[in-house]
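Novice: Starting off with a structure, shown below.
The values are calculated or read from the model by the stated rules, or taken from the named source; none is laboratory data. A quick note: this is a predicted structure, and the numbers were derived from the prediction, not measured. Heads up, the Cβs are rebuilt from the backbone with ideal geometry, glycines too, and the neighbour counts pull from every protein chain shown. For the accessible areas, the whole protein counts, side chains as well, though only heavy atoms, and no ligand, DNA or RNA atoms are used. Shrake-Rupley method; radii C 1.70, N 1.55, O 1.52, S 1.80 Å.
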Amino acid sequence: MTGSAGNARDAEAVSRFVESFAAQLVEAGLPRMPARVFVALLSSDEGAMTSAELGEQLRISPAAVSGAVRYLAQQHMVSREREPGSRKERYRVHGNQWYEALTNREAVIKRWEGALREGLTSLGADTPAGRRMAETLAFFEFVEDEVAAMMERWRAHREKMFGRE
């Protein structure tokens, strides 16, 4: 593996980083294989690799790569693209993958809010369970507003630091 300036990288050091950061992502709730694939993509100069390249670097089977990529694509953490003139797919991580992943969580929060509103109606706002439901709903509404404001600040900050993509 070579760096963008042509300097040879220490493949063992890169491998240790991939496994170390992947382990931290696993502790945060990401499944192990998707975490490893994600960090391998994140740490590659191009931010993209084929299934064969991922399998070779991580010493995993094509099926393991496929399952990990499917999970990561569902979470909006990677995208698939075709190599020009080839049937091979490359998997790409983008600089804004954290933004995309967090933004897509907003849809989940909205669904939870809908379910909590139904629960509140079913339980009655004046019951102990209804009050817990109302507090939970208020929490998610607060989080949703805060995340939206934070993401707007991030867009401005990112543009200032890295320019437009």
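Novice: I'd like to know if segment 126-135 contains one or more residues that are farther than 30 Å from Met161 by Cα, hydroxyl-bearing (Ser, Thr, Tyr) and either open to solvent by less than 50 Å² (accessible area, probe 1.4 Å) or touching a helix residue (DSSP H, G or I) at 6+ places or on another chain (Cβ under 7 Å) (or both).
Specialist: So far as segment 126-135 goes, yes, one or more of its residues are farther than 30 Å from Met161 by Cα, hydroxyl-bearing (Ser, Thr, Tyr) and either open to solvent by less than 50 Å² (accessible area, probe 1.4 Å) or touching a helix residue (DSSP H, G or I) at 6+ places or on another chain (Cβ under 7 Å) (or both).
Novice: Further question: On the given criteria, is Arg111 of a type outside the set (Ser, Thr, Tyr), assigned to a helix (DSSP H, G or I), at pLDDT 95 or above and open to solvent by 50 Å² or more (accessible area, probe 1.4 Å)?
Specialist: Judged against the criteria, Arg111 is not a match.
Novice: Sticking with this one: Pick from Arg92, Arg105: which is closer than 29 Å to Met161 by Cβ, touching a residue at least 24 places away in the same chain (Cβ under 8 Å) and in contact with a strand residue (DSSP E or B) (Cβ under 6 Å, 6 or more places away or on another chain)?
Specialist: Arg92
Novice: So for segment 56-72 (the condition being open to solvent by 70 Å² or more (accessible area, probe 1.4 Å), part of a loop (DSSP other than H, G, I, E, B) and free of Cβ contacts under 8 Å to residues at least 60 places away in the same chain), does at least one residue qualify? Before you say what the answer is, go through the steps one by one.
Specialist: So in segment 56-72, the residues open to solvent by 70 Å² or more (accessible area, probe 1.4 Å) come out as 56, 59, 62-63, 70.
Subset that is part of a loop (DSSP other than H, G, I, E, B): 59.
This time we only want the ones that are free of Cβ contacts under 8 Å to residues at least 60 places away in the same chain, so: 59.
Checked segment 56-72: at least one residue is open to solvent by 70 Å² or more (accessible area, probe 1.4 Å), part of a loop (DSSP other than H, G, I, E, B) and free of Cβ contacts under 8 Å to residues at least 60 places away in the same chain.
Novice: Name the residue that is surrounded by the most Cβ atoms within 10 Å (Cβ to Cβ), counting only residues in segment 137-150 that are touching a helix residue (DSSP H, G or I) at 6+ places or on another chain (Cβ under 6 Å) and not acidic (Asp, Glu).
Specialist: Within segment 137-150, the match that is surrounded by the most Cβ atoms within 10 Å (Cβ to Cβ) is Leu137.
Novice: Among Arg32, Arg36, which is under 20 Å from the mean Cα position of the chain (by Cα), open to solvent by 60 Å² or more (accessible area, probe 1.4 Å), at pLDDT 95 or above and not acidic (Asp, Glu)?
Specialist: Arg32
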